[in-house]
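The values are calculated or read from the model by the stated rules, or taken from the named source; none is laboratory data. Every value quoted in this text rests on a predicted model; they were computed, and no experiment measured them. Ideal geometry is used to build each Cβ from the backbone, glycine not excepted, and the neighbour counts take in all protein chains shown.
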Amino acid sequence: MDVDDDARTIGQRLRLIRAARGKSLRVVAGLAGVSKSQLSEIERGERALDSLKQLVALASALRIAPSELVRLPVPAPGNGHTDATVEAARLVLTAVDCGRAGGRVLPVEVLRDRVRRVQEMRRRCRFAEAATDLPGLICDLHTTLATGRGVGELLPLAVYLHVQVTSMWLLDAGAPLDLRREVASLARRLAREHGEDVTLGVAALSIRHLISQGQPDLAQAQLDAAPLPATTPETAGLVGGLMIRHALVATADDRAGDAVAAMDTAEELALRFGETGEDDPLGFAFGPTDVGLYRMAIALEAGEPDRAVSLAQTIQPQRHPFMTRQSAYWMDYGRALARVPRRAEDAVRALRKAERMFPIQVQRNPFVRDVLAELLVRSRRDAVGRELRGMAYRAGLPV
């Protein structure tokens, strides 16, 4: 639909699409399982949308795809050459699908070093640098893979690149869901070709797009189909990551008991093997800190901001080796604080810390943008208010 081209928040899109469909507040609220007053507040920007589950319910009530509600405005915030890189990635992936990657044939060690370097850029929140290198790396890796030499090493490397770098970069960029789905499908196809449990497990991690489009059943099926590798010090990060994905899917599917059980298993693994730091052989920084960060995210998705705040106060985010995850902590903490009475100023400070670390993640995340819009409605003309208006402006919101 193009009725929402000028909309800057999820709430504005809801209102415009609802009006275009000729549906009343009462009808849409009833279908989505929210109150009429709550939906009215969301549309007016007085209340941020709280979760993916709520987003999917509202999209279903309007009979549209959830992606219609979270499209970035035009012009998109924090752009630089981000959108150009997203389109470059789309063209590269199309060329790969047609067997015409058009890159260079390079030694495996050179490609492995480049994957490691671009992953490090992303982990350090050097978003633009990763964007510069990523399309060419995809071309070169797939061109080399097409020669049929070194396939045993190149297939798992390609799977890792697309799950841990390409998919995550596109998520940070707010790229269209269909492109993220294409990358996940490519990773699964390559993993099946390789056939080893670890590679299949890595590919199974890419389920966020399925949750985002309201299909937790498909995400669960993907996880169930992946063989669980034997748990060793080398695979603990992967196994823990799969348990966390089980918990995320269960939360999206209203299976709280299953989510608790999966997170408890992940925590047991984290306590048994400790913080893997940056030395995990598969590239996962798994441990008690990472589990704590995901417990926060799950509490937010489950509509328990008080619990998310309590969990946040037990976590030392600086212990996580990846700046992207430290930024995620402050982003989720800020979103949770915004839901707690008399904590709006603390919410602004937390979100500002996240933005300093990883600007694009804050400026393009639809739920954070909605929180900023809500906080603007009740902001004061003081120092904190100035910080908030600055963030809102950089996120493309009217101030």
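Within region 126-139, is there a residue that is free of Cβ contacts under 8 Å to residues at least 12 places away in the same chain and in contact with a helix residue (DSSP H, G or I) (Cβ under 7 Å, 6 or more places away or on another chain)? The answer is yes, given that some residue of region 126-139 is free of Cβ contacts under 8 Å to residues at least 12 places away in the same chain and in contact with a helix residue (DSSP H, G or I) (Cβ under 7 Å, 6 or more places away or on another chain). Number of residues in region 350-386 that are of a type outside the set (Asp, Glu) and under 22 Å from ASP290 (Cα atoms): the value is 15. Does GLN361 satisfy the criteria of being modelled with pLDDT of 95 or more, among the polar types (S, T, N, Q) and not assigned by TED's automatic domain parsing to the domain that holds ALA173? So GLN361 fails the test. The condition (being surrounded by fewer than 18 Cβ atoms within 10 Å (Cβ to Cβ) and of a type in the set (D, E, K, R)) is satisfied by just one residue among ASP264, ASP290: ASP264.
Rundown of residues vs (1) under 30 Å from GLY152 (Cα atoms); (2) among the small types (Gly, Ala, Ser); (3) free of Cβ contacts under 8 Å to residues at least 40 places away in the same chain, yes/no style:
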| residue | (1), (2), (3) |
| --- | --- |
| ALA184 | yes, yes, yes |
| ALA204 | yes, yes, no |
| GLN213 | no, no, no |
| LEU218 | yes, no, yes |
| GLY237 | yes, yes, no |
| MET263 | no, no, yes |
| PHE273 | yes, no, no |
| PHE286 | yes, no, no |
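A single entry from GLU374, GLU387 fulfils the requirement of being modelled with pLDDT under 95 and surrounded by fewer than 18 Cβ atoms within 10 Å (Cβ to Cβ): GLU387. Test of understanding: among ALA247, ALA236, which residue is surrounded by 22 or more Cβ atoms within 10 Å (Cβ to Cβ), more than 26 Å from GLU68 (Cβ to Cβ), outside the structural domain of LEU49 (by TED's automatic domain parsing) and in contact with a Lys or Arg (Cβ under 8 Å, 6 or more places away or on another chain)? Result: ALA236 is the single residue among ALA247, ALA236 that is surrounded by 22 or more Cβ atoms within 10 Å (Cβ to Cβ), more than 26 Å from GLU68 (Cβ to Cβ), outside the structural domain of LEU49 (by TED's automatic domain parsing) and in contact with a Lys or Arg (Cβ under 8 Å, 6 or more places away or on another chain).
Scanning region 325-335 finds one or more residues that are touching a His at 6+ places or on another chain (Cβ under 9 Å), surrounded by 24 or more Cβ atoms within 10 Å (Cβ to Cβ) and aromatic (Phe, Trp, Tyr). Would you be able to tell me the number of residues in region 166-184 that are among the aliphatic types (A, V, I, L, M), crowded, with 22+ Cβ neighbours inside 10 Å and touching a Lys or Arg at 6+ places or on another chain (Cβ under 6 Å)? Number of matching residues: 1. Examine region 107-114 for a residue that is surrounded by 20 or more Cβ atoms within 10 Å (Cβ to Cβ) and out of contact with any Asp or Glu (no Cβ under 9 Å at 6 or more places or on another chain), and state whether such a residue exists. So far as region 107-114 goes, no, none of its residues is surrounded by 20 or more Cβ atoms within 10 Å (Cβ to Cβ) and out of contact with any Asp or Glu (no Cβ under 9 Å at 6 or more places or on another chain).
Within the bounds of region 145-158, is there any residue that is hydroxyl-bearing (Ser, Thr, Tyr) and either in contact with a Pro (Cβ under 8 Å, 6 or more places away or on another chain) or touching a residue at least 40 places away in the same chain (Cβ under 8 Å) (or both)? Looking through region 145-158, at least one residue is hydroxyl-bearing (Ser, Thr, Tyr) and either in contact with a Pro (Cβ under 8 Å, 6 or more places away or on another chain) or touching a residue at least 40 places away in the same chain (Cβ under 8 Å) (or both).
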